[in-house]
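Values quoted throughout were computed directly from the atomic coordinates according to the rules given, and no laboratory measurement underlies them. Quick caveat: nothing in here was measured; it's all calculated off a predicted structure. Cβ atoms come from the backbone with ideal geometry, glycine included; neighbour counts cover every protein chain shown.
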Amino acid sequence: GDSVTQMEGPVTLSEEAFLTINCTYTATGYPSLFWYVQYPGEGLQLLLKATKADDKGSNKGFEATYRKETTSFHLEKGSVQVSDSAVYFCALASYNNNDMRFGAGTRLTVKP
Amino acid sequence: DTAVSQTPKYLVTQMGNDKSIKCEQNLGHDTMYWYKQDSKKFLKIMFSYNNKELIINETVPNRFSPKSPDKAHLNLHINSLELGDSAVYFCASSQGGGRETQYFGPGTRLLVL
C-alpha cells in the first residue's frame, strides 16, 4: 500500500543553519504530498503541499518540490530559527485511500 | 473562528472508565477522521466518516465507537479504558477524501491511570 518514509531524527541545528529533512514515498497513481508541523503541545498544522510532479510548495521560508522521478518530497529551509523547533511530518493522500499516510515524524531542535 | 475544535484538551481518567471526546468542524467539509498519536509521535488512522457514513474502520478495538450526529461533528466514545489507550487523539476534516488537504484539531491528550 501507499506509504511515506522520512528521515529519522532527532535533528539538532544551530540558528541560521540549512535544513533538509528527507522524505520519499511509495504510491500507485498520483498522490498529493504534504508537510505538516507540530509544535510542542499543539496539533498538526499544514506547512506546505504540492499536488503534481515538479510543483514546489513553499511557506514561511520552507520549500519542498514534488519529484516524481525520485519519488521524493524533501523539506528545505535556508536559515532555521529557534522558533522552527518542532516535529515535522511528511504525508501523502491519494484516491487509493481515504486516509492520509504519514511518515514517522522528524523532531527538529534549533539552538541559539 | 476555530476550524476544527476538540474537547476536552486534556483527559485524565481511571482504567475501566468510559469517556467521550467531541470534535466539531466549521469548514463545511464532508469528511472527518480520528487519528491516534502514540508516545513516539506515530500517527495512525482510526476512523473516517463521509457525510455521516463510516468509510474506514481500521483495526481498532470495538471499545472505540465513533458517532457522527451530523456532517460537522464526529465524536469518539471509548468504553472500558485501558492503560494502552493513553495517547493523543486528533480529529481532522477534509472536503472529500482522496488527495485533499486534511485540517487537524488541537488534539486531546488522554492519560489512563
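Worth pointing out:
- Taking 7 Å steps out from each Cα toward its Cβ at residue A:96 and residue B:63 produces label points 3.3 nm apart.
- Figure legend: label point modelled 7 angstrom from the Cα of residue B:51 along Cα→Cβ; residues of the stretch B:2-36 with amide N under 14 Å from it are B:29-32.
- The stretch B:1-32 and the stretch B:62-91 have Cα centres separated by 8 Å.
- Angstrom value of the Kirkwood radius, inverse mean 1/r, which spans all Cα pairs in chain B: 13.9
- Relative contact order (%) - criterion: Cα under 8 Å, at least six apart; region: chain A: 37
- Calculated FRET efficiency for the pair residue A:69/residue B:13, C-beta based, R₀ 45 Å, to 0.05: 0.35
- Prolate/oblate/rounded label for chain A (Cα gyration tensor, a/c 1.5): prolate
- The charge dipole of the protein assembly as shown, taken about its Cα centre with unit charges on the Cβ of Lys, Arg, Asp and Glu (plus for the first two, minus for the last two), comes to roughly 200 debye.
- The lysine pair count for chain B, using Cα distances under 23 Å and pairs eight or more places apart or on different chains, is 29.
- For the stretch B:1-47, the relative contact order comes to 32 percent (Cα pairs under 8 Å, sequence separation of at least 6).
- Qualifying trypsin sites (Lys or Arg not before Pro) for the stretch A:1-69 [loop in DSSP, other Cβ within 10 Å: at most 13]: A:52, A:60, A:68
- Gyration tensor verdict on the stretch B:61-113 (Cα atoms; rounded if a/c is under 1.5, prolate if a/b is larger than b/c, oblate otherwise): prolate
- Taking trypsin sites (Lys or Arg not before Pro) across the stretch B:1-100, the ones in a DSSP loop with at most 10 further Cβ atoms lying within 10 angstrom of their Cβ are B:40.
- Chain B, relative contact order [Cα under 8 Å, separation at least 6], %: 37
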